[in-house]
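First up is the structure itself, then whatever we jot down about it.
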Amino acid sequence: SAVISQKPSRDICQRGTSLTIQCQVDSQVTMMFWYRQQPGQSLTLIATANQGSEATYESGFVIDKFPISRPNLTFSTLTVSNLSPEDSSIYLCSVRQTYNSPLHFGNGTRLTVT
Amino acid sequence: TQLLEQSPQFLSIQEGENLTVYCNSSSVFSSLQWYRQEPGEGPVLLVTVVTGGEVKKLKRLTFQFGDARKDSSLHITAAQPGDTGLYLCAGPETSGSRLTFGEGTQLTVNP
């Protein structure tokens, strides 16, 4: 299974700033996703990161707030822009090889906005 | 939209007790997956069930997929503190590449 390195593991940011989260996979993967999770709760899909093209965002998430890059099949970044306390959450990178294969997750980035 | 309802949301039990977590939907899923997540880590896949009526065992964990492929259950026998975590069921949407996740069950096993 793919090994996913997500950085940073946690950060404390001030309101109005931005945080960029990196996701590095040790092998080429077809599908990469970004999720948000409140501690102890389920996962909410933010977007699908598409290699070489614009990400596909879920309802309620927009590119201006959550710009995503995916320059190749092993790397992606998620930026959370213009931070507010409501953005405090855990952000998770995940990958899949096929539609029927399971998701593999990074360990997440715990973001606290003050 | 295919929804997965998970119950109970929270469960706190003593070591040695048995428990069952349920994952239900009004929609048919081609398969269902169960994940466990520990604090500070991402979810990790426990099992995938594919065939209606299928039962899979993973040590003290027994997973069942409903005959109609609309529901699944996770039964833990003689729970141990190491079983503590967030359990999530998930199923692939019929359109696209996304997974639908249940709301999760936060399990605490007290020694």
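Within segment A:69-96, restricting attention to residues that are in a loop (DSSP other than H, G, I, E, B) and over 18 Å from A:G52 (Cβ atoms), the residue that is nearest to the other protein chains (Cβ to nearest Cβ) is A:S88. Here A:Q51 passes the criteria (1) more than 20 Å from B:F101 (Cβ to Cβ); (2) touching a residue at least 24 places away in the same chain (Cβ under 8 Å); (3) within 14 Å of another protein chain (Cβ to nearest Cβ); (4) not acidic (D, E) except the one numbered (2). Of all residues in segment A:73-100, those being over 14 Å from A:F33 (Cα atoms) and either at pLDDT below 95 or among the polar types (S, T, N, Q) (or both) number 6. Restricting to segment A:10-31, give me the number of residues that are among the charged types (D, E, K, R), within 13 Å of chain B (Cβ to nearest Cβ) and either in a loop (DSSP other than H, G, I, E, B) or without any contact (Cβ under 8 Å) to a residue 40 or more places away in the chain (or both). Qualifying residue count for the region: 0.
Every condition in (1) at pLDDT 95 or above; (2) within 14 Å of chain B (Cβ to nearest Cβ); (3) out of contact with any Cys (no Cβ under 8 Å at 6 or more places or on another chain) is met by A:W34 except one, and the failing one is (3).
Scanning segment B:22-59 for residues that are farther than 19 Å from A:F33 by Cα and aromatic (F, W, Y) gives B:Y22, B:F29.
Listed conditions (1) in a loop (DSSP other than H, G, I, E, B); (2) away from chain B (no Cβ under 11 Å) are all met by A:S59, apart from (2).
Within segment B:84-104, being hydroxyl-bearing (S, T, Y), touching a residue at least 24 places away in the same chain (Cβ under 8 Å) and either in a loop (DSSP other than H, G, I, E, B) or facing chain A (nearest Cβ under 10 Å) (or both) holds for B:T84, B:T94, B:T100. With respect to the conditions (1) surrounded by fewer than 16 Cβ atoms within 10 Å (Cβ to Cβ); (2) away from chain A (no Cβ under 14 Å), B:T108 lacks only one, and its number is (2). On the stretch given as segment B:57-74, residues that are surrounded by fewer than 16 Cβ atoms within 10 Å (Cβ to Cβ) and assigned to a strand (DSSP E or B) total 2.
The values are calculated or read from the model by the stated rules, or taken from the named source; none is laboratory data. Quick caveat: nothing in here was measured; it's all calculated off a predicted structure. With ideal geometry, Cβ positions are generated from the backbone for all residues, glycine too; neighbour counts draw on all protein chains shown.
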